[in-house]
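K.L.:
This is the structure, below, for whatever I ask next.
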Amino acid sequence: MHLIWATQEFTLKQRPYPGFPILLDEEMRSVEAANAFLRHYLMRGRIGSEQSWPSTGRAMYDYISFLEAQGLNWKDVNRGDELTLVGAYRDYCLDTAKLARNTVRQRLLYVCEFYVYALRQKWVDALPFGYEERKIKRNDGFLAHVDSSSGSVTVRDVSLKVHKNLPRFLGKSEIQALLAAALNPHHKMILRLGLQTGLRREEIATFPLHYVFDPDKSKRTERNIRIRLDPQDGHGMQTKGSKSRDIFVSRAFLKDLHFYAIHKRGERSQLSPLKHKPLFLNKNGEPYAANGKRIGRIVTKIGATADIKVWPHMLRHTYATHTLHAMQRGKSSIDPLVFLQRQLGHESINTTMIYLHLVNERADDAVLAYDDELNDWMQEA
């Protein structure tokens with residue numbers, strides 16, 4: 001069994017997909033069922049984000065390799081054994097391979113989805129797993145009306161029980177220390193964009209200069225200004241799953257972004273003979289890699305300087321937690337959870353609800369007026 005990555009010549013519907021996973025057997029022939037499943041998911045946009053391709057490919061490769069090593073065939077779904085194929089693979093991942101629970105959970109998700117697809121294609125006549133009801137903790141706090149779970153949820157019986165770890169976020173003093181440690185103005189603005197919009201690291205890396213303007217010279221009078229993140233508009237924006245969404249940026253922060261674009265970014269742009277689309281450029285005047293990994297290293301390094309363990313997604317958690325709490329305390333006229341879901345680009349509101357638990361359990365009065373405080377800190381600095 002071999003897992004390879006497609007070259008530029010690999011196309012679907014006349015579009016190249018370099019780096020997409022492809023499974024080959026020992027004779028270098030396509031493992032057609034697995035590859036058909038991967039192509040199906042790609043075309044439906046289910047794994048449209050390039051960051052998810054390696055984990056998806058490795059999950060399928062590892063599962064089929066495991067079965068081959070045991071002398072089993074993935075089609076043997078009616079073996080009559082108490083432990084199903086997928087159940088046996090789950091136990092192998094946990095007990096023998098000693099993989100992290102989150103890794104096992106992710107692999108099981110893809111393997112189960114493969115069988116759902118195989119059943120639909122009539123390659124198998126049953127699923128090698130069942131379904132069961134599991135109790136979940138009801139949300140009795142703020143915005144409980146969005147929780148329609150009735151105290152239980154239907155899950156696949158091979159799924160691991162979730163040990164929920166609430167995401168970490170930065171407190172007020174940590175934010176101030178982090179921004180103070182960012183002596184490089186380009187790096188400081190990267191931090192602020194993450195802290196004041198909740199963008200993912202790849203979204204920060206590809207955020208277009210075209211989206212930045214001076215609100216005072218426009219006819220826009222609102223305090224919070226809507227910006228459309230559109231991967232199809234030709235400006236180079238990249239979002240998870242290539243899905244468009246609107247975000248809101250405070251007027252004060254947009255003015256700061258515009259000042260940065262003219263004065264600081266403008267200096268770096270002179271270092272390259274090309275005109276680049278992203279807002280942020282490196283010291284050579286070139287864009288950062290679109291996957292945002294360099295952005296991640298910048299954030300982590302600044303955190304180390306401030307003696308704070310931080311990564312780009314923690315900036316996103318920080319924005320979400322503080323914003324939700326501020327809207328909750330301010331009795332917003334719009335549903336805070338729905339607003340946050342759209343701002344962050346979550347497909348399901350259940351993903352956004354983790355911040356509700358975070359607010360209820362950990363947040364305090366220090367998170368009020370989050371965006372205004374950040375802007376005030378920058379003026380005082």
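The values are calculated or read from the model by the stated rules, or taken from the named source; none is laboratory data. Just so it is clear, the model here is predicted, and its values are computed rather than measured. All Cβ positions, glycine included, derive from the backbone under ideal geometry; neighbour counts span all protein chains shown.
K.L.:
When you go through Gly236, Gly194 one by one, which is the residue that is within 24 Å of Ile298 (Cα to Cα), of a type outside the set (Phe, Trp, Tyr) and not in a helix (DSSP H, G or I)?
P.N.:
Answer to the check: Gly236.
K.L.:
May I pose another question? Please pick out the residue among Gly285, Gly236 that is assigned by TED's automatic domain parsing to the domain that holds Leu183, surrounded by 16 or more Cβ atoms within 10 Å (Cβ to Cβ) and more than 27 Å from Leu183 (Cα to Cα).
P.N.:
Unique residue meeting the criteria: Gly236.
K.L.:
Quick one: how many residues across the stretch 215-234 are charged (D, E, K, R) and more than 23 Å from the chain's Cα centre (by Cα)?
P.N.:
Qualifying residue count for the region: 6.
K.L.:
Could you please find all residues in the stretch 205-224 being more than 24 Å from Ile295 (Cα to Cα) and in contact with a Phe, Trp or Tyr (Cβ under 7 Å, 6 or more places away or on another chain)?
P.N.:
Within the stretch 205-224, Asn224 is the sole residue that qualifies.
K.L.:
Further question: Could you tell me whether any residue of the stretch 100-115 is part of a loop (DSSP other than H, G, I, E, B) and under 30 Å from the mean Cα position of the chain (by Cα)? Show your work before the answer.
P.N.:
Initially, the stretch 100-115 is screened for residues part of a loop (DSSP other than H, G, I, E, B), giving 100.
Remaining after also requiring under 30 Å from the mean Cα position of the chain (by Cα): 100.
Yes, the stretch 100-115 contains at least one residue that is part of a loop (DSSP other than H, G, I, E, B) and under 30 Å from the mean Cα position of the chain (by Cα).
K.L.:
Give just the number: which of (1) closer than 17 Å to Thr206 by Cα; (2) in contact (Cβ under 8 Å) with a residue 24 or more places away in the chain; (3) buried (at least 17 other Cβ atoms within 10 Å of the Cβ) does Asp230 not satisfy?
P.N.:
(2)
Here is a yes/no grid of residues against (1) touching a helix residue (DSSP H, G or I) at 6+ places or on another chain (Cβ under 7 Å); (2) surrounded by 14 or more Cβ atoms within 10 Å (Cβ to Cβ); (3) among the hydrophobic types (A, V, I, L, M, F, W, C):
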{"position": "Gln70", "(1), (2), (3)": "no, no, no"}
{"position": "Asn73", "(1), (2), (3)": "yes, no, no"}
{"position": "Leu94", "(1), (2), (3)": "yes, yes, yes"}
{"position": "Thr103", "(1), (2), (3)": "no, yes, no"}
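K.L.:
Restricting attention to the stretch 156-191, report how many residues are of a type in the set (Lys, Arg) and part of a loop (DSSP other than H, G, I, E, B). Talk me through it step by step, then tell me what you get.
P.N.:
In the first step, residues of the stretch 156-191 are kept if they are of a type in the set (Lys, Arg); the result is 156, 161, 164, 168, 172, 188.
Adding the requirement that they be part of a loop (DSSP other than H, G, I, E, B) leaves 161, 164, 168.
Selection size over the stretch 156-191: 3.
K.L.:
Among (1) over 17 Å from the mean Cα position of the chain (by Cα); (2) in contact (Cβ under 8 Å) with a residue 12 or more places away in the chain; (3) at negative phi, there is one condition Ala304 misses while meeting the rest; what is its number?
P.N.:
(2)
K.L.:
Yes or no: the stretch 268-285 includes at least one residue that is over 18 Å from Arg192 (Cβ atoms), hydroxyl-bearing (Ser, Thr, Tyr) and touching a residue at least 60 places away in the same chain (Cβ under 8 Å).
P.N.:
no
K.L.:
State all residues of the stretch 285-295 that are under 27 Å from Ile262 (Cβ atoms) and touching a helix residue (DSSP H, G or I) at 6+ places or on another chain (Cβ under 8 Å); if no residue qualifies, say none.
P.N.:
Within the stretch 285-295, Gly285, Pro287, Tyr288, Ala289, Ala290, Gly292, Arg294, Ile295 qualify.
K.L.:
Output the number of the condition that Ile4 fails; it satisfies all remaining conditions of (1) more than 16 Å from Ala118 (Cα to Cα); (2) touching a residue at least 60 places away in the same chain (Cβ under 8 Å).
P.N.:
Against the list (1) more than 16 Å from Ala118 (Cα to Cα); (2) touching a residue at least 60 places away in the same chain (Cβ under 8 Å), Ile4 comes up short only on (2).
K.L.:
Additional query: Residues in the stretch 323-381 that are under 24 Å from the mean Cα position of the chain (by Cα), among the acidic types (Asp, Glu) and modelled with pLDDT of 60 or more: how many?
P.N.:
2
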